[in-house]
Amino acid sequence: LCEAVNLARGTSKLREALKPETSAYDDIIELNTSAASIEWQKMLQDHKTSNSADDITKSAGVPKEHLNKHWTTNWDRWQTAVNKLKSTFTTPDKVKNNALTNLKQPAKSLATAAIRQAATTAPNIMDKIESEKQAATKYTAATAQEQIRQLVFGAGSTGQTNDNSRVFKTPSNTRQTDCTDKAVTVAATLVCVCAKDNAGALTTPCFRGQLNTQDWHSGNTPPSPTLCNELIGHCPEEKSSVITATNLKTLAQRVRAMVKIILGAGYLGTLHNGTSCEGTQGGAICTKYTGYTAAAASHAWKIP
């Protein structure tokens, strides 16, 4: 939970999106074109047309059902590559210097197949890079930071102050009620599993030396901002780090690994002599997730 708090109070950095290596991609296309059949090269040389499927079909006579987006995306690249082969002055050095023409069978066929496989794989890699590039434009460091802050302090909240109406879902101020399916943020979860209750509670629910100047007077008042700030204050701050999907997934997995499953419900926290999550030593200091079972599908949207 402290790791999530640190993400919220730090400054997010996003990993730079991958940049397509178009020059390397063009090298692969040129090499593949040089290894292609004379018929294929001649078709590209003789039919100068646009990249549209209709024009390629009409001009080159390629059946439309054989065309996919790699044809329409790369047609002009293929034509540029084949036109470079017309003269030794324009033939790329990588093509001139490759040893394909000097190979004998079956080595030549194997080498040609390897080149063709590389040329088939390269467009898929370029598509993946472009897809990641587009996805990266949806988020900036600022928008990512705000989403994480809301994950900790609640949607509609401001800053890093605990607002009970934001961190809990429709709070009642009664601990057992609010810590059952209503702790929808990291701050609320931290309060449920670590806040000292005013009745029958452990003095230090989470660890020895824990500050406890504030109690949760369950049933009378909500947990105060001071109480929440004391708990968050125990989380050591860290330097800003790059946010990646892998890091966030790993963090979520570690939190889920702490959940105990009992009779069709999940519990995060300390279970002493019960599962009521009322905050007492005689019961449990926890947050409860109804319907949280061993089945992975039951975990969705259960934990902040």
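In the range 213-259, what residues are charged (D, E, K, R) and assigned to a loop (DSSP other than H, G, I, E, B)?
Once the filter is applied, which keeps residues that are charged (D, E, K, R) and assigned to a loop (DSSP other than H, G, I, E, B), the range 213-259 yields 215, 237, 238, 239.
Going through the range 247-295 one residue at a time, which ones are under 23 Å from residue 3 (Cα atoms), of a type in the set (Gly, Ala, Ser) and more than 18 Å from the chain's Cα centre (by Cα)?
257, 266, 269
Out of the residues in the range 191-200 that are surrounded by fewer than 22 Cβ atoms within 10 Å (Cβ to Cβ) and assigned to a loop (DSSP other than H, G, I, E, B), which is modelled with the highest pLDDT? Break it down into steps so the answer makes sense when it comes.
Going through the range 191-200, the residues surrounded by fewer than 22 Cβ atoms within 10 Å (Cβ to Cβ) turn out to be 197-200.
Within this subset, residues satisfying the condition of being assigned to a loop (DSSP other than H, G, I, E, B) are 198-200.
Values: 198: 84, 199: 78, 200: 69.
Selected residue: 198.
So, in the range 1-23, exactly how many residues are of a type in the set (A, V, I, L, M) and either in contact with a strand residue (DSSP E or B) (Cβ under 8 Å, 6 or more places away or on another chain) or at pLDDT 85 or above (or both)? Break it down into steps so the answer makes sense when it comes.
Here is the first cut: in the range 1-23, the residues of a type in the set (A, V, I, L, M) are 1, 4-5, 7-8, 14, 17-18.
Filter once more, keeping what is either in contact with a strand residue (DSSP E or B) (Cβ under 8 Å, 6 or more places away or on another chain) or at pLDDT 85 or above (or both): 1, 4-5, 7, 14.
Selection size over the range 1-23: 5.
Only one of 48, 42, 58 is out of contact with any strand residue (DSSP E or B) (no Cβ under 7 Å at 6 or more places or on another chain) and at pLDDT 80 or above; which?
42
Consider residue 37 carefully, then state whether it is farther than 30 Å from residue 256 by Cβ, out of contact with any His (no Cβ under 9 Å at 6 or more places or on another chain), at pLDDT 80 or above and of a type outside the set (Asp, Glu).
yes
Could you list all residues from the range 155-181 that are closer than 22 Å to residue 235 by Cβ, touching a Phe, Trp or Tyr at 6+ places or on another chain (Cβ under 8 Å) and either surrounded by fewer than 17 Cβ atoms within 10 Å (Cβ to Cβ) or not hydrophobic (A, V, I, L, M, F, W, C) (or both)? Step through it out loud before you land on a result.
Quick first cut of the range 155-181, residues closer than 22 Å to residue 235 by Cβ only: 155, 157-164, 166-168, 175, 178-179.
With the extra rule that they be touching a Phe, Trp or Tyr at 6+ places or on another chain (Cβ under 8 Å), the set shrinks to 159-163, 166-167, 175, 178.
Matches in the range 155-181: 159, 160, 161, 162, 163, 166, 175, 178.
Which pairs do you get when a residue that is in contact (Cβ under 8 Å) with a residue 24 or more places away in the chain, found in the range 30-52, comes within reach of a residue that is of a type in the set (Phe, Trp, Tyr) and surrounded by 12 or more Cβ atoms within 10 Å (Cβ to Cβ), reach meaning Cβ atoms under 6 angstrom, with the pair 6+ apart or on two chains?
Qualifying pairs under 6 Å: 44/78; 51/75.
Checking the condition modelled with pLDDT of 85 or more and either more than 23 Å from residue 177 (Cβ to Cβ) or among the aromatic types (Phe, Trp, Tyr) (or both), which residue from 244, 250 passes? Please lay out each step first, then the result.
Numbers: 244 fails: modelled with pLDDT of 85 or more.
Of 244, 250, the one residue that is modelled with pLDDT of 85 or more and either more than 23 Å from residue 177 (Cβ to Cβ) or among the aromatic types (Phe, Trp, Tyr) (or both) is 250.
Among the residues of the range 151-186, how many are in a loop (DSSP other than H, G, I, E, B), in contact with a Gly (Cβ under 6 Å, 6 or more places away or on another chain) and free of Cβ contacts under 8 Å to residues at least 60 places away in the same chain? I'd like the intermediate steps shown before the answer.
The initial filter retains those residues of the range 151-186 that are in a loop (DSSP other than H, G, I, E, B), namely 154-163, 169-174, 179, 181-182, 184-185.
Narrowing further to those that are in contact with a Gly (Cβ under 6 Å, 6 or more places away or on another chain): 174, 185.
With free of Cβ contacts under 8 Å to residues at least 60 places away in the same chain added as a condition, the list becomes 174.
Residues flagged as in a loop (DSSP other than H, G, I, E, B), in contact with a Gly (Cβ under 6 Å, 6 or more places away or on another chain) and free of Cβ contacts under 8 Å to residues at least 60 places away in the same chain within the range 151-186 amount to 1.
Go through the range 85-109 and give me each residue that's under 42 Å from the mean Cα position of the chain (by Cα), surrounded by fewer than 16 Cβ atoms within 10 Å (Cβ to Cβ) and either outside the structural domain of residue 42 (by TED's automatic domain parsing) or not acidic (Asp, Glu) (or both).
94, 109
The values are calculated or read from the model by the stated rules, or taken from the named source; none is laboratory data. These figures come from a predicted structure and were not determined experimentally. Glycine also receives a Cβ, built like all others from the backbone with ideal geometry; neighbour counts cover every protein chain displayed.
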